[in-house]
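Asker: Sharing a structure with you now.
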Amino acid sequence: MQEKLLTDTEINYKEIKEKITEAAKSAGRDPEDIRLMAVTKTVATEKINIAINSGCDLLGENRVQEFLEKYESYDKNAEVHFIGSLQTNKAKYIVDKVSMIESVDSIKLAEEIEKRCEKIDKIMDILLEVNIANEENKGGFSPEEVVGISEKINDFPHLRLRGLMTIGRFGAEIEETRQYFKKMRHLLVDIKSKNRDNIYINILSMGMSGDYELAVSEGATIVRVGQGLFGARKYV
Ligand SMILES: *Cc1c(COP(=O)(O)O)cnc(C)c1O
């Protein structure tokens with residue numbers, strides 16, 4: 001009988017799951033409350049399917065065009081969240097194919113998703129993207145404005161606010177990142193307390209390959225991992 005060799009993606013998936021479980025337990029959290037998202041940008045479909053077959057049930061897509069080319073080749077029905085910056089004129093291509101848009105970063109985009117979802121009679125789960133370090137060239141709402149923005153989302157009948165997402169600051173030291181993650185958790189509490197329609201607000205999407213364990217310690221419910229799972233990205 002031939003022994004089956006595990007691929008790198010299978011090994012990485014298992015290791016990351018274990019590390020999430022450990023980080024959750026040390027923080028007194030239930031590991032079941034944290035979802036591991038496989039971030040698929042630039043990754044070949046075969047590799048993505050290996051992750052799905054290893055147990056990954058959540059994919060994160062950044063680019064509309066790449067997603068449209070790949071998604072029909074994905075195995076089974078892994079759930080897909082859109083996590084990249086989304087031009088308003090592209091929203092119409094994805095609203096029927098994703099279960100959540102995590103990267104809502106303007107009211108204009110929220111209006112467009114509302115309009116497109118009304119057309120297909122769908123209520124879309126969304127997260128508001130927060131530019132937590134107030135970086136100049138970064139998308140997302142400032143921490144100061146996001147609570148007010150969250151209240152406006154109540155006016156959109158086809159949007160359901162589920163929580164917040166952040167990318168953090170690239171190159172930040174671990175203690176700085178920890179402060180951002182803490183701030184995100186406090187913002188989620190604020191938003192929950194200020195919104196009347198708040199029973200669904202319970203998602204904090206933060207932490208990537210380099211800091212997902214820290215994010216779990218600080219309350220993340222979705223961690224978004226690309227290179228840690230699939231290896232270094234090669235951009236063409
Ligand atoms: C690429 C990307 C990730 C994953 O980054 P890695 O460093 O590869 O883990 C997470 N979130 C967003 C929004 C991304 O664009």
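Asker: Excluding the sites themselves, what is the longest stretch of the chain that contains no GluC sites (Glu not before Pro) in a DSSP loop with at most 14 other C-beta atoms within 10 Å?
Answerer: 4-134
Asker: Whose amide H sits under 5 Å from the amide H of Ser103, counting only residues 5 or more places off or on another chain, with H placed in the peptide plane?
Answerer: It is Leu127, by chain and number.
Asker: Hand me the trypsin sites (Lys or Arg not before Pro) from the range 185-236 located in a DSSP loop with no more than 15 other Cβ atoms within 10 Å, in residue order please.
Answerer: Sparse-neighbourhood loop trypsin sites (Lys or Arg not before Pro): Arg196, Arg233, Lys234.
Asker: Taking a ≥ b ≥ c as the square roots of the Cα gyration tensor eigenvalues, with a/c under 1.5 meaning rounded and otherwise prolate when a/b beats b/c, else oblate, which class fits the range 1-108?
Answerer: Oblate, because a/c is 1.5 or more while a/b does not exceed b/c.
Asker: Which is farthest toward the positive dipole end of the chain among Ala232, Ile52, Ile174, measuring Cα position about the Cα centre, with Cβ charges +1 (Lys, Arg) and -1 (Asp, Glu)?
Answerer: In the chain, that residue is Ile52.
Asker: Could I ask something else about it? Taking the Cα centre of the chain as origin, work out the dipole magnitude from +1 charges on Lys and Arg Cβ and -1 charges on Asp and Glu Cβ, in debye rounded to 20.
Answerer: In total the dipole reaches around 220 debye.
Asker: Structure shown: which of Lys41/Lys90; Lys70/Lys90; Lys92/Lys152; Lys17/Lys122; Lys25/Lys76; Lys25/Lys97 lie over 27 Å apart, alpha-carbon to alpha-carbon?
Answerer: Table pairs above 27 Å Cα-Cα are Lys17/Lys122; Lys25/Lys76; Lys25/Lys97.
Asker: What distance in nm lies between label points placed 7 Å from Cα along the C-beta direction at Asn89 and Glu135?
Answerer: So the two model labels end up 2.7 nm from each other.
Asker: Further question: Only Lys, Arg, Asp and Glu count, each charged at its Cβ (+1, +1, -1, -1), so figure out the dipole size of the range 23-106 about its Cα centre, rounded to 20 debye.
Answerer: Charge dipole of the range 23-106: 180 debye, to the nearest 20.
Asker: Which value at 222 nm does the chain reach when only helices count, each DSSP H run of 4 or more adding -39,500 (n - 2.57), with the total divided by all residues and rounded to the nearest 500 deg cm²/dmol?
Answerer: Result for the chain: -11500 deg cm²/dmol, rounded to the nearest 500.
Asker: Calculate, in nm to one decimal, what Asp197 and Arg160 gain on full extension: separation in residues at 0.36 nm each, minus their alpha carbon distance.
Answerer: Full-extension gain reported as 12.4 nm.
Asker: Continuing with the same structure: Using label points projected 7 Å from each Cα along Cα→Cβ, tell me how many nm separate Lys234 and Ile174, to one decimal.
Answerer: Placing both labels 7 Å along Cα→Cβ, they lie 3.2 nm apart.
Asker: Cα gyration tensor of the chain, axes a ≥ b ≥ c as square roots of the eigenvalues: rounded (a/c below 1.5), prolate (a/b > b/c) or oblate?
Answerer: Oblate shape, in that a/c is at least 1.5 and b/c is the bigger or equal ratio.
Asker: Could you go through the range 204-212 in sequence order and give the Karplus-derived ³J(HN,Hα) for each residue, using 6.51 cos²θ - 1.76 cosθ + 1.60 with θ = phi - 60°, rounded to whole Hz, and x for Gly and Pro?
Answerer: 10, 9, 7, x, 10, 3, x, 8, 5
Asker: Treat every Asp and Glu Cβ in the range 144-208 as -1 and every Lys and Arg Cβ as +1, leave all other atoms uncharged, and give the resulting dipole magnitude about the Cα centre to the nearest 20 debye.
Answerer: 240 debye
Asker: Can I ask one more? Please tell me the relative contact order of the chain in percent, rounded to the nearest whole number, where contacts are Cα pairs under 8 Å and at least six residues apart.
Answerer: Relative contact order here is 20 percent.
Asker: Given a Förster distance of 30 angstrom, what is the FRET efficiency for Glu69 paired with Asp121, based on the Cβ-Cβ distance and rounded to 0.05?
Answerer: According to the calculation, E is roughly 0.65.
Asker: Indicate the gyration tensor shape class of the range 68-184 (rounded, prolate or oblate), computed on the Cα atoms with a ≥ b ≥ c the square roots of the eigenvalues: a/c under 1.5 is rounded; otherwise a/b larger than b/c is prolate and the rest oblate.
Answerer: Note, shape of the range 68-184 comes out oblate.
Asker: Oh, and also: Please calculate how many Å² of accessible area the range 99-178 carries per residue, with a 1.4 Å probe and no DNA, RNA or ligand atoms counted.
Answerer: 47 Å²
Asker: Something else: Can you list the trypsin sites (Lys or Arg not before Pro) in the range 1-98 that are in a DSSP coil and have 11 or fewer other beta carbons within 10 angstrom?
Answerer: Passing sites in the range 1-98 are Lys4, Lys76.
The values are calculated or read from the model by the stated rules, or taken from the named source; none is laboratory data. As the structure is a prediction and not an experimental result, all values here were calculated from the model. Cβ atoms come from the backbone with ideal geometry, glycine included; neighbour counts cover every protein chain shown. Each accessible area value is taken on the protein alone, full model and side chains, heavy atoms only, with ligands, DNA and RNA left out. Shrake-Rupley method; radii C 1.70, N 1.55, O 1.52, S 1.80 Å.
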